[in-house]
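Notes for the one structure printed next.
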Amino acid sequence: MESVNKQQSFLLWLPLVAVCEWLIVLPATLLLAAAALRMLQPRQHEPARAIWILLECTAAHVTRLDAAILFLGMPGVVLVTGCAVLLREWWQDQALRQDARMILGILRRHLAIGLLTVAVALAGTILAAVVAHVITD
């Protein structure tokens, strides 16, 4: 009975760790995405203007220590914790190792299709960006 309770608590623990790690890296991810997006348009145009205001407000209130914690400390904690959990799972879960081998075998067999799919997705993204740029100018 005790092993069943441990298994059930572990099944709840792993998704909780994953969600917490996503929440820890979310602020840095959003700020870096905003910094990249603000460079896509001139400051006068509306989406870029709102992002400039957001980043100026953030820059005024974030110290160097805060930035170091946000961009180095928090992702570092996620990296170390995530690697530890992944290694633990890798060594304890035979099904995970077997599934990973099967996925690698499938990817190896269908490498050309995978490369073609990525190329088509990149081409579509590039064309969408160019069309959006042409329409907005």
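Please compute the Cα-Cα pair-distance distribution of the chain with 10 Å bins starting at 0, giving whole percents from short to long.
Per 10 Å bin, starting at 0, the Cα pair percentages come out as 9, 21, 24, 27, 15, 3, 0.
Please compute P(r) over all alpha-carbon pairs of the range 25-84, binned at 5 Å starting from zero, and give each bin as a whole-number percent.
Reading upward from the zero bin: 4, 18, 23, 21, 14, 11, 7, 3, 1, 0.
Contour minus end-to-end for ALA35 and THR125, with contour as 0.36 nm per residue of separation and end-to-end as the Cα-Cα distance?
Numbers: separation 90, 0.36 × 90 = 32.40 nm, distance 1.98 nm.
Result: 30.4 nm gained on full extension.
Between 0 and 90 degrees, rounded to the nearest ten: what's the tilt of helix 46-61 against the longest Cα principal axis of the chain?
So the inclination is approximately 70 degrees.
Pop out the ³J(HN,Hα) list for the range 88-96 in order, Karplus 6.51 cos²θ - 1.76 cosθ + 1.60 with θ = phi - 60°, rounded to Hz; leave Gly and Pro as x.
Rounded to whole hertz, the list is 4, 5, 4, 7, 9, 10, 5, 5, 4.
How high is the FRET efficiency from TRP52 to THR81, r the C-beta distance, R0 22 Å, rounded to 0.05?
Calculated value: 0.05.
Here, each number is a calculation from the coordinates, and none is a lab measurement. Because the structure is a prediction, the values reported are computed rather than measured. For neighbour counting, all protein chains shown are included, and Cβ atoms are generated from backbone atoms with ideal geometry for every residue, glycine included.
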